[in-house]
Amino acid sequence: MNPAENSVAFGAPGIEPRWTSSAKEGVGTAYHTSCRLWFTLSHGIVNEIYYPHIDQPNTRDFQFLISDGESFCHEEKRDLNHLIEYPERDCLFYRLTNSDPNGRYRLVKYVLTDPHLSVLLLHTRVEVLDESLRHKLRLYALLAPHVAGRGAGNSAWCSEVGGNKLIHAQRQNVHLVIACDSGFVRRSVGYVGFSDGWQDLMRNFRMEWEFPAAENGNIALTGEIDLRDGSEFTIAVAFGRSYQSAATKLFQSLANPFESHRDAYVRQWQRAVVDPKFDFNADTCDGGGMYRLSRCVLLAHEDKVFQGAMVASMSIPWGETKGDDDLGGYHLVWTRDLVHSAIALLATGQTGTPLRALIWLAAIQRPDGSFPQNSWIDGRAYWSGLQLDQVAAPILLAWYLHKFATANPSDGGHDALGLFHPRVMMVRAAAHLILQGPVTGQDRWEENAGYSPSTIAVVIAALACAAEWAREFGLTDAADFIFAYADWLAAHVEEWTVTTEGELVEGIRRHYIRITPADPSAPDPHADPNTSMIQIANGGGLHPARNVVGGDFLNLVRFGIRDANDPIVRDSTEVIDRVLKHDLPQGPGWRRYNHDGYGQRDDGSAFDGTGVGR
């Protein structure tokens, strides 16, 4: 089949769309806020590209197909060996080397964004190692648009501006344009599973279809790279609110050499290096490389318009099995994860993002003092559960910012809050914790209600911070009341969350359990950890609560509520080591809790509502 260039792609609307693997190996964006584009990497290729916000993916994946036109067509992510490297220190800039397993060729790709525009840049060098393939090897760019967060309802066209061949995709008011600085020899847009470029090339290793349009479906874009003038080229993928906007950004970006973009991109990130006072090079075996890279990764998860909003992850769990109905994935804001990230950045001496995060949280707090279970970056709630540790967490972040200058007197004698006053936010959150606690509607794993040692620990710590701050303001009566309530919680932790009839490890009857079930709307003040039964989510079954354990109780030690050498803490640690610990090639790992069903299945296949836990 060799359809004419004005024919319409067949197979509409294509197969049911799916996302891609969440096993990410890299994330990136320019440090500057004018670039509102993020990318992820796995299996040697680009996965999701987010625009204009960090909670909106627009692609499934973007890779190359490689063919000699006669005997093979390789799919980059499945058929090649992958190596990922960091060419520059303290920077989210990547070199991906994807090699033919038989040693005949390799692709060396450098991935970054334009430092100031919403454009992904992929500079590629083709290295032919088998002389019989020289002048025969063909490369095809294959991109799967999921524009504006959905794989269905996408449309694409082959277009041209000033003699330059482009491919344009659109859904709603988001436009994607892809082009190559060396040009495309052929272009085609088609419906996935029927008329897309992968189907074409896998038939006879040649690109024969050149469909100019595919509208309202699950589509893929294909372009053959022009390699006649050399083995290096740069592909740009630009985004905008109109075709003209996206095309303009694309040409503006390609008007400058890739090396100039690389230099500016690296300079931006390296200007944000760790404060020397927080440089732990001498304390690590890699010169602080992992520490610095981790800091960059955290910074990259902040949105650039709704500043302070940091998503949990730029991924969709088991995305290869998820369709358009799973809109959220992990690219949502969880208050708990946001606070963890912000406090981690504060520990590196970075105060800007933690302060923005606190202000963002104050802006989305509900009148009753609570926070959404999770939300989009504009504050709209996604899930509706209530977790008391997420109500407490912003109080802890405010306290850390307040006390930051105490450890850093060179900052001018004021704390890291600047002119922002979180007092009202803290009072409302503390009131909610006292009125609604100590039973949480959901535990830290978002699955069960009850008395959770982890949640109670965070609540006690947050209330102690609020009380201490009240005392600083001279509100001694309020401070005394809050301290008294926190002390009351601390005095009852064992009653609510420790079993004396444990059966998991011979000889250890007394230990912390994961959670003692209770109804938050009518809590039993004397819930019994020894006799309560717990229904484990995700097909985990019904079990005595005394025999379900997790490591969450260690929050009691982390926040100073119990000593690490407390006999119950030591016994509980022995229990989770015996029940949850697994020795892995990378070192020991612990499951969340026994009987957990949230994770891959035994054969490694994706979670489908049941699994073997994590």
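The values are calculated or read from the model by the stated rules, or taken from the named source; none is laboratory data. Owing to the predicted nature of the structure, the values given are computational and were not obtained by experimental measurement. Please note: Cβ atoms are built from the backbone with ideal geometry, for glycine as well, and neighbour counts cover all protein chains shown. These area figures cover heavy atoms from the full protein model, side chains too; ligands, DNA and RNA do not enter into them. Shrake-Rupley method; radii C 1.70, N 1.55, O 1.52, S 1.80 Å.
Please name whichever of Gly589, Gly609, Pro567 sits farthest to the positive end of the charge dipole of region 558-614, dipole taken about the Cα centre and charges placed at Cβ: Lys and Arg +1, Asp and Glu -1. Value: Pro567.
Helix 352-364 and the long axis of the chain differ in direction by around 70°, with both axes built from C-alpha atoms. Counting only protein heavy atoms and using a 1.4 Å probe, the accessible area of Leu346 comes to about 10 Å². How large, in Å, is region 459-538 by the Kirkwood hydrodynamic radius built from its alpha-carbon pairs? It works out to 14.9 Å.
Net length available on complete extension from Val305 to Phe10 is 102.2 nm, with 0.36 nm assigned per residue and the Cα-Cα distance removed.
The H on the amide N of Ile167, modeled in the peptide plane, is under 5 Å from the matching H of Ser159, Ile178, each at least 5 residues off or on a different chain. Kirkwood Rh, Cα Rg: Rg to Rh for region 155-299? Rounded to two decimals, Rg/Rh equals 1.12.
Starting from the Kirkwood Rh over alpha-carbon pairs, what translational D in µm² s⁻¹ does the chain have by Stokes-Einstein at 37 °C and 0.692 mPa s? The Stokes-Einstein estimate is 124 µm²/s. Computed from the alpha carbon positions, the gyration tensor of region 192-242 leads to an equivalent ellipsoid with semi-axes of 21, 20, 8 Å, biggest first. Projecting the Cα atoms of Thr335, Tyr265, Leu142 onto the dipole axis of the chain, where Lys and Arg carry +1 and Asp and Glu carry -1 at the beta carbon, places Tyr265 farthest toward the positive end. Excluding same-chain neighbours fewer than eight residues apart, the lysines reachable from Lys581 by a Cα-Cα span under 28 Å are Lys24. Accessible surface ranking for Glu48, Glu501, 1.4 angstrom probe, highest first: Glu501, Glu48. Length gained on full extension, Trp383 to Val161, computed as 0.36 nm times the residue gap minus the Cα-Cα distance: 75.5 nm. Annotation: amide H of Tyr593 within the under-5 Å range of Arg614, sequence separation 5 or more or interchain, hydrogens built in the peptide plane.
Placing unit charges on the Cβ atoms of the charged side chains and taking the dipole of region 417-485 about its Cα centre, the candidate lying farthest along the positive direction among Ala449, Ala431, Val459 is Ala431. For region 80-165, which chymotrypsin sites (Phe, Trp or Tyr not before Pro) pass both filters: DSSP loop (anything but H, G, I, E, B) and at most 12 other C-beta atoms within 10 Å? Here no chymotrypsin sites (Phe, Trp or Tyr not before Pro) fit, given the DSSP loop and packing criteria.
With runs of 4+ DSSP H residues as the only contributors, calculate the mean residue ellipticity of the chain at 222 nm using -39,500 (n - 2.57) per run, divided by the residue total and rounded to the nearest 500.
Estimated from H runs of four or more residues: -8500 deg cm²/dmol.
Over the Cα atoms of region 263-408, each weighted equally, I'd like the Debye log10 I(q)/I(0) at q = 0.09 Å⁻¹, rounded to two decimals. Values, matching the q order: -0.32.
Against the chain, whose longest principal axis is taken from its Cα atoms, helix 289-300 shows a tilt of about 90°. For a straight C-alpha distance cut-off of 17 angstrom, the lysines reachable from Lys403 (same-chain residues fewer than eight places away being disregarded) are Lys277. Annotation: average projected area of region 334-462 is 7.6 square nanometres, based on the convex hull of Cα atoms across all directions. Here the chain is treated with +1 on each Lys and Arg Cβ and -1 on each Asp and Glu Cβ, and its dipole about the Cα centre works out to around 1080 debye.
Expressed per residue, the C-alpha convex hull volume of region 65-199 stands at 148 Å³. Taking each of Lys77/Lys304; Lys136/Lys322; Lys136/Lys165 in turn, the alpha-carbon distance tops 26 angstrom for Lys77/Lys304; Lys136/Lys322.
Dividing the C-alpha radius of gyration of region 14-128 by 2.2 N^0.38 Å, with N its residue count, gives 1.12. Placing a pseudo-label 7 Å from each Cα along the Cα-to-Cβ vector at Arg134 and Ala152 gives an inter-label distance of 5.2 nm. 3J(HN,Hα) along region 183-190, derived from phi through the Karplus expression 6.51 cos²θ - 1.76 cosθ + 1.60 where θ = phi - 60°, amounts to x, 9, 6, 9, 9, 7, 10, x Hz, with x in place of Gly and Pro. Estimated from the Cβ-Cβ distance and a Förster radius of 30 angstrom, the FRET efficiency linking Asp368 and Glu468 is about 0.80.
Put a plus charge on the Cβ of each Lys and Arg, a minus charge on the Cβ of each Asp and Glu, and nothing anywhere else: the dipole of region 531-614 about its Cα centre is then about 120 debye. Note on surface exposure: Thr284, Thr348 rank Thr284, Thr348 by accessible area, highest first, 1.4 Å probe. The angle separating the long axis of helix 453-472 from the principal Cα axis of greatest extent in the chain is about 70 degrees.
With r defined as the distance between the Cβ atoms of Leu419 and Asp480 and R0 fixed at 45 Å, what FRET efficiency is calculated, to the nearest 0.05? Plugging the Cβ-Cβ distance into 1/(1 + (r/R0)^6) gives 0.95. Multiplying the residue separation of Glu506 and Asn102 by 0.36 nm and subtracting their alpha-carbon distance yields 140.0 nm. Under the simplified labelling scheme, the Ser71-Ala282 pair shows an inter-label distance of 5.9 nm, with each label point 7 Å from Cα along Cα→Cβ.
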